[in-house]
Amino acid sequence: MRRLLLILSLTLLSASFAGAANWPNWRGPTGTGFTSEADFPDRWSSTDGIRWRLKLPSAGNSTPIVWGDRVFLTQSIDLEGTRRAVLCVDRKSGKLLWQQETPFAGAEATHKDNPFCSASPVTDGTRVIAWHGSAGVVCYDFQGKLLWRRDLGEFQHIWGNASSPILYRDTVILNCGPGERQFLVALDRRTGKEVWRVDEPGGRFGKNNAEWLGSWSTPTLLRVGDRDELLVSWPDTLKAYNPENGKLLWHCAGLTKLVYTSVVATPEVAVAMSGYGGAAIAVRPGGSGDATPRRLWREEQNRQRIGSGVIVGEHFYLVNEPGTFQCIELKTGKTVFDERLGGATWASLVGAGDRLYATSMRGETFILGAKPEFTLIARCALEERTLATPALANGEIFIRTHANLYCIAGVPKR
């Protein structure tokens, strides 16, 4: 019941109702990693249970989004990032309907495991918006017509960028960085005009070990009492803002220098996790000023954490980069179980009904029970390298590998 109330409250934060069968942004219709649908495939392989596959021009890590009969994907057409694109695919057939490119002639750094255009797009059912790093923010209608483009300047970090845009009322909100220039910005979704901006000083390019810091965290929306909060994990600090104007509401210390995951929260508990063996914290949302005294727990050192977790009831679930599936008591931080799945993992957990889905770098999806007892339901392998998170929509699973975009319908049950 608590999870249902959370999903309903977060749905009200959307500027338009996304609908149960859509996956309109990274982390799904409510930004929690969950869909209210429940019947998804649990048997497939690289040869069976595939509705269609679309060959992609180069490697990429962004998650596909789905609205009705359209699937959208960000994609660098070349590995050098000179042609950054949004692809629109017919959901039923896998046919490429249109491909709109944004040229980029500048020099922008990234890591070989983080190809350009790693930020997932977002849609409100009328327009689709994507952030292409130093090439700017673009907005298209569903026919591929460019509605606006916003240049936000140059972004430089040796590991590139990956934070995805989210929608709030009439705005699209972005965590722009990491690097020397870091800021949180809200743009008018209809025009691209800047509504508000909050600078987050202290960035680094990351060339030397001492400069390794930055946030790749996608902002999270949360309804607490009678107000909306925008949660973002930065180096050292979790911060909550008023999404209408960017005003800082509260902040909580305890993170460390590198943050990859998004905040995962209920109105009672917000969990923020550092990566690269850094710290994790949980705090009570709401209030104002320094929330550090409201911290529920802090774990000093963790495994490498890149993918974001999910909350189910009184427990927090996540898969760490080494491929271990962990269940944590939400309010105490106590580990309930920590089981090895096999295979390194960058993808975030997603869920439907009483099941969780985690995809390893070698393209194997583990279907797990969403309960505080370790339950491995199935293993389904595509046998292709993937660092992207699955999308769940219309009873189908969409997985982007470095080679293909897959629509998985599953092997029929006997």
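The values are calculated or read from the model by the stated rules, or taken from the named source; none is laboratory data. This one's a predicted model, so the numbers in the text were calculated from it and none came from an experiment. FYI the Cβ positions are ideal-geometry reconstructions off the backbone, even for glycines, and counts take in every protein chain you see.
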Residues satisfying the stated conditions in segment 296-332, i.e. touching a residue at least 60 places away in the same chain (Cβ under 8 Å) and on the phi > 0 side of the Ramachandran plot: GLY313
Filter result for ALA105 (touching a Ser or Thr at 6+ places or on another chain (Cβ under 6 Å) and more than 21 Å from ARG53 (Cα to Cα)): no
Test: residue in segment 240-252 that is at positive phi, surrounded by fewer than 23 Cβ atoms within 10 Å (Cβ to Cβ) and touching a residue at least 24 places away in the same chain (Cβ under 8 Å): yes
Qualifying residue in segment 210-230 (condition: surrounded by fewer than 24 Cβ atoms within 10 Å (Cβ to Cβ), touching a Lys or Arg at 6+ places or on another chain (Cβ under 6 Å) and either farther than 17 Å from ARG305 by Cα or among the β-branched types (Val, Ile, Thr) (or both)): yes
Test: LEU387 is within 18 Å of LEU318 (Cα to Cα) and out of contact with any strand residue (DSSP E or B) (no Cβ under 7 Å at 6 or more places or on another chain): yes
Residue within segment 165-181 that is closer than 24 Å to ASN114 by Cα, of a type in the set (A, V, I, L, M, F, W, C) and modelled with pLDDT under 95 present: no
Odd one out for TRP98, checked against (1) under 28 Å from LEU147 (Cβ atoms); (2) crowded, with 19+ Cβ neighbours inside 10 Å; (3) modelled with pLDDT of 95 or more: (2)
First in segment 266-295 and farther than 20 Å from LEU318 by Cα and of a type in the set (A, V, I, L, M, F, W, C), second anywhere and at pLDDT 95 or above and buried (at least 21 other Cβ atoms within 10 Å of the Cβ), Cβ under 6 Å, 6 or more apart: ALA291/TRP250; ALA291/CYS252; ALA291/VAL283
Residues that are assigned to a loop (DSSP other than H, G, I, E, B) and either touching an Asp or Glu at 6+ places or on another chain (Cβ under 6 Å) or over 15 Å from VAL264 (Cα atoms) (or both), drawn from segment 286-319: GLY287, SER288, ALA291, GLU300, GLN301, ASN302, ARG303, GLN304, ILE306
Test: residue in segment 58-71 that is in contact with an Asp or Glu (Cβ under 8 Å, 6 or more places away or on another chain), modelled with pLDDT under 95 and either assigned to a loop (DSSP other than H, G, I, E, B) or of a type in the set (Ser, Thr, Tyr) (or both): no
Matching entry among ASP124, ASP141, ASP151 (being charged (D, E, K, R) and within 19 Å of the chain's Cα centre (by Cα)): ASP124
ASN161 vs. criteria part of a strand (DSSP E or B) and closer than 13 Å to GLY203 by Cβ: no
Residue match in segment 161-168 (condition: closer than 27 Å to THR30 by Cα, touching a strand residue (DSSP E or B) at 6+ places or on another chain (Cβ under 9 Å) and among the hydrophobic types (A, V, I, L, M, F, W, C)): yes
Wholly enclosed strands (runs of 3 or more DSSP E) of segment 323-390 bearing at least 2 residues out of contact with any Asp or Glu (no Cβ under 9 Å at 6 or more places or on another chain): 335-340, 350-352, 355-359, 364-369
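Condition check ((1) in contact with a Gly (Cβ under 6 Å, 6 or more places away or on another chain); (2) surrounded by 17 or more Cβ atoms within 10 Å (Cβ to Cβ)) across all residues:
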| position | (1), (2) |
| --- | --- |
| GLN326 | no, yes |
| GLU329 | no, no |
| LYS334 | no, no |
| LEU341 | yes, yes |
| ALA347 | yes, yes |
| GLY353 | no, no |
| ALA358 | no, yes |
| PHE374 | no, no |
Every residue from segment 94-125 that is free of Cβ contacts under 8 Å to residues at least 60 places away in the same chain and either part of a strand (DSSP E or B) or hydroxyl-bearing (Ser, Thr, Tyr) (or both): LEU96, LEU97, TRP98, GLN99, GLN100, GLU101, THR102, PRO103, THR110, SER118
Residue in segment 267-282 that is hydrophobic (A, V, I, L, M, F, W, C), within 21 Å of TRP26 (Cα to Cα) and touching a Ser or Thr at 6+ places or on another chain (Cβ under 6 Å) present: yes
